[in-house]
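Have a look at the structure below, then the notes.
The values are calculated or read from the model by the stated rules, or taken from the named source; none is laboratory data. Quick caveat: nothing in here was measured; it's all calculated off a predicted structure. Every residue, glycine among them, receives a Cβ derived from its backbone with ideal geometry; neighbour counts consider all protein chains shown.
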Amino acid sequence: MKRRQKIRKTLIFISFLLFPITMFYSSPAIIIFGASRGIIAGSFISFSIMFVASLVVGRLFCGWLCPAAGIQEALFTVQDKRVIKNNWIKYLIWLPWISTIFILFIRNGVRSVEPLFGIKYGISISEPRHYIVYFIFLTLFVVLSLAVGKRSFCHHVCWMAPFMIAGRRVRNLLTWPSLRLKADNARCTKCHLCVKHCPMSLDVEKMVHEGSMENDECILCGSCVDQCKAGALNYAFFK
């Protein structure tokens, strides 16, 4: 395994270990509770940062820092099945949820900004009942990965991904420089290693030969780059 992938996997595993502390900072419920009181909660701030960051680095968070990534990629040794991508499912969850948040803020206005709203002592699991929420999330990560395939939670359920996908699309409309994958079709030897090792089950080889590395589900993890012995794939910062 290349050094970069060792670092990446260490980061997402540490992020998973810290999930009992950070869980409510990306809570889909706390942001609604806050909006119903006119409060900008910690999860609102987290999602806003994800959107703004995605204008420059796309879904890098998903590949390098997401706590859900840690447990899901650890399960690759048990279930390495490529996932059938029904990516529209997460939007059926996300659209009514984000609409509810906007409606609540329009109705109640913004009265205060409280990053620790609903997070006692700044730690997500500060009471025994919070373990129920933690194990619900953990069950989702594990069951979907084992039953459906690699990083199925990311494809089908994740409410954070659409913020970064939206940011990525805005970036493409504005055509400013950002971190992307760059491919050299002439160097590709069709070894299929990029496809085999893509944690998001993307047909990277097809993307290379079509001359377009843009894909909403690409998390810029660099697995394809590090597996390509011919040097057909690289990170690059360009329009």
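Identify, from the list Thr77, Thr22, the residue that is of a type in the set (S, T, N, Q) and out of contact with any helix residue (DSSP H, G or I) (no Cβ under 8 Å at 6 or more places or on another chain).
Thr77
Do we have any residue at all in the stretch 138-160 that's in contact with a Ser or Thr (Cβ under 8 Å, 6 or more places away or on another chain), on the phi > 0 side of the Ramachandran plot and assigned to a loop (DSSP other than H, G, I, E, B)?
Checking the stretch 138-160: at least one residue is in contact with a Ser or Thr (Cβ under 8 Å, 6 or more places away or on another chain), on the phi > 0 side of the Ramachandran plot and assigned to a loop (DSSP other than H, G, I, E, B).
Out of everything in the stretch 92-113 that is closer than 25 Å to Cys158 by Cβ and surrounded by 14 or more Cβ atoms within 10 Å (Cβ to Cβ), what residue ends up being nearest to the chain's Cα centre (by Cα)?
The residue in question is Trp94.
Between a residue in the stretch 23-45 that is on the phi > 0 side of the Ramachandran plot and any residue that is surrounded by fewer than 22 Cβ atoms within 10 Å (Cβ to Cβ), which pairs come within a Cβ distance under 8 Å, given they are 6 or more apart or on different chains?
Taking only residues 6 or more apart or on different chains, the pairs are Gly38/Phe105; Gly38/Asn108; Gly38/Gly109; Gly38/Val110; Gly38/Arg111; Gly38/Ser112.
Pairs please, first residue from the stretch 167-180 and not assigned by TED's automatic domain parsing to the domain that holds Asn215, second anywhere and of a type in the set (D, E, K, R) and part of a strand (DSSP E or B), Cβ atoms under 6 Å, 6+ apart in sequence or on different chains.
Sorted first by the residue in the stretch 167-180, then by its partner, the list stays empty.
How many residues does the stretch 62-88 contain that are over 14 Å from Arg151 (Cβ atoms) and either in contact with a Gly (Cβ under 9 Å, 6 or more places away or on another chain) or surrounded by 14 or more Cβ atoms within 10 Å (Cβ to Cβ) (or both)?
Residues meeting the conditions: 1.
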